[in-house]
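Colleague: Structure provided below as structure tokens; questions to follow.
The values are calculated or read from the model by the stated rules, or taken from the named source; none is laboratory data. Note that the coordinates shown come from a computational prediction; the quantities given were computed from them, not determined experimentally. Heads up, the Cβs are rebuilt from the backbone with ideal geometry, glycines too, and the neighbour counts pull from every protein chain shown. Side chains are part of the model used for accessible areas, which takes the heavy atoms of the whole protein and leaves out ligands, DNA and RNA. Shrake-Rupley method; radii C 1.70, N 1.55, O 1.52, S 1.80 Å.
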Amino acid sequence: MKKKIYADIVIIGGGIAGLWLLNRLRPSDLSVILLESGSLGGGQTHKSQGIIHGGMKYALQGESTPAAQAIANMPTIWKECLKGRGEIDLSNVPILSNQQYLWSTGSLTSKLAGFFAGLTLKSHTQALDQNDFPLIFQHPQFHGSVYSLDETVIDVHALLRELMIPNQDVIFKIDPMEENHLELDDQDHLTSFTIHSGSMQTIEVHAQKYIFTAGEGNELFLRKLKHHTIKAQRRPLHMVIVKHEHDCPLYAHCLGLGTTPRLTITTHKAHDGKFIWYLGGQIAEEGIRLNSEEQILVAKKELKELFSWLDFSKAEFASFYVDRAENSQPHGHRPDSCYLQEVKNSIIAWPTKLAFAPLLSHDIIQCLSNAHIKPGMTDLRELRAWPMPALAKPTWDTLLP
């Protein structure tokens, strides 16, 4: 006879969306488990730069866009959590920087001033005097303007650890799922699904509500459905990491000519104590058709133009691709906010950005409340010996050991 388990809520996917939701639901009377086939945060989450965006980077044409408005309240929610006073206690998560900067090169200084002059989000920015510039911009060869933005930068890997620690008893490692593991009736009700984990015996999973927060893994569930209009998309990035010995931490967006920052830089520490500059922005979006060698050449040229006074000749470079899995948008554009959709007794969800995790969890919890989910039969005994997935390792320590 096939072994079975029963829970009120089953979350499939252990990235920021699934882990945040798990932490929000655990204090309730509902029984909740989370299943992950890889490492925790090992999809998109651990490749995030850790910026809690406040929307400024989405308003680089001087107007408050729908995306900027949707994300504007997220920094406040996260700050309360980081102080230990929010919906989740994240007081042990290191803050890498209390603000992200926005800087312009000399030729774009007038654009930067005009941009802030008419922007409705300007209350979240502050023009800096030269004496208050980050150390790297106090060099005589820097000619430009610098603003501070209300965007905290956090240690993503520590965040994953803190979200995992209080929930180790309900997080389980499973083998990658396949379509034939899912059992749906003719009306797209998910009646159960089977899970495997190495040599562990197959188990049939039953729940009142199944919540898919698996990023690109959500596509498996969509393919199984018979009646739905949900479509997924992937927006790729080609990120660059630079390992160097310059003691000049930087957390900043470089203003470019378009709607995306020319370069977005965050700083991290490698396991050997050296500094990592993590490069995103326009360089990552435009580099998706380049191979790694070509992308690194572009990154070296950008760094030479923007930081001519720094020597990167001894720095180590690496690049990698990230697939941002989201709900489909016209012409493949970025969604303005997080997304969820109920499909009978399931919910499919994408956070879109790390910063949106609290909002997505709030919306999912509201769906559960509207569905009047009440504590039901719980039996997790068959999972007692199952392993827990490992935490994802920092990408820079994997690519540049």
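Colleague: Of all residues in segment 205-250 being in a strand (DSSP E or B) and closer than 26 Å to Leu383 by Cα, which is most open to solvent (accessible area, probe 1.4 Å)?
Modeller: That would be Gln208.
Colleague: Residues that are modelled with pLDDT of 95 or more and open to solvent by 20 Å² or more (accessible area, probe 1.4 Å), at least 2 per element: which strands (runs of 3 or more DSSP E) completely within segment 273-391 meet that?
Modeller: Result: 316-327, 339-343.
Colleague: Looking only at segment 185-204, filter to residues that are closer than 22 Å to Ile230 by Cα and part of a strand (DSSP E or B); which one of those is most open to solvent (accessible area, probe 1.4 Å)?
Modeller: Thr191
Colleague: With a cut-off of at least 2 residues that are within 30 Å of Lys83 (Cα to Cα) and among the hydroxyl-bearing types (Ser, Thr, Tyr), name the strands (runs of 3 or more DSSP E) lying wholly within segment 138-184.
Modeller: The qualifying strands (runs of 3 or more DSSP E) are 146-149.
Colleague: Considering segment 260-272 alone, what residues qualify as being part of a loop (DSSP other than H, G, I, E, B) and either open to solvent by 10 Å² or more (accessible area, probe 1.4 Å) or within 10 Å of Lys243 (Cα to Cα) (or both)?
Modeller: Thr260, Arg262, Ala270, His271, Asp272
Colleague: Here's something else I'd like to know. Of the conditions (1) of a type in the set (A, V, I, L, M); (2) more than 30 Å from Leu225 (Cα to Cα); (3) open to solvent by less than 70 Å² (accessible area, probe 1.4 Å), Leu135 satisfies every one except a single condition; which number is it?
Modeller: With (1) of a type in the set (A, V, I, L, M); (2) more than 30 Å from Leu225 (Cα to Cα); (3) open to solvent by less than 70 Å² (accessible area, probe 1.4 Å) applied to Leu135, the lone miss is (3).
Colleague: Still on this structure, please answer the following. Would you mind stating whether His196 is touching a strand residue (DSSP E or B) at 6+ places or on another chain (Cβ under 7 Å), at pLDDT below 95 and not β-branched (Val, Ile, Thr)?
Modeller: Yes, satisfied.
Colleague: In the list Glu294, Glu316, Glu342, which residue meets the criterion of being in contact (Cβ under 8 Å) with a residue 40 or more places away in the chain and of a type outside the set (Gly, Ala, Ser)?
Modeller: Working: Glu294 fails: in contact (Cβ under 8 Å) with a residue 40 or more places away in the chain; Glu342 fails: in contact (Cβ under 8 Å) with a residue 40 or more places away in the chain.
The conditions single out Glu316.
Colleague: Further question on the same structure: Being in contact with a strand residue (DSSP E or B) (Cβ under 8 Å, 6 or more places away or on another chain), open to solvent by 50 Å² or more (accessible area, probe 1.4 Å) and not acidic (Asp, Glu) is the filter here; which residues of segment 138-180 pass it?
Modeller: Arg161, Lys173
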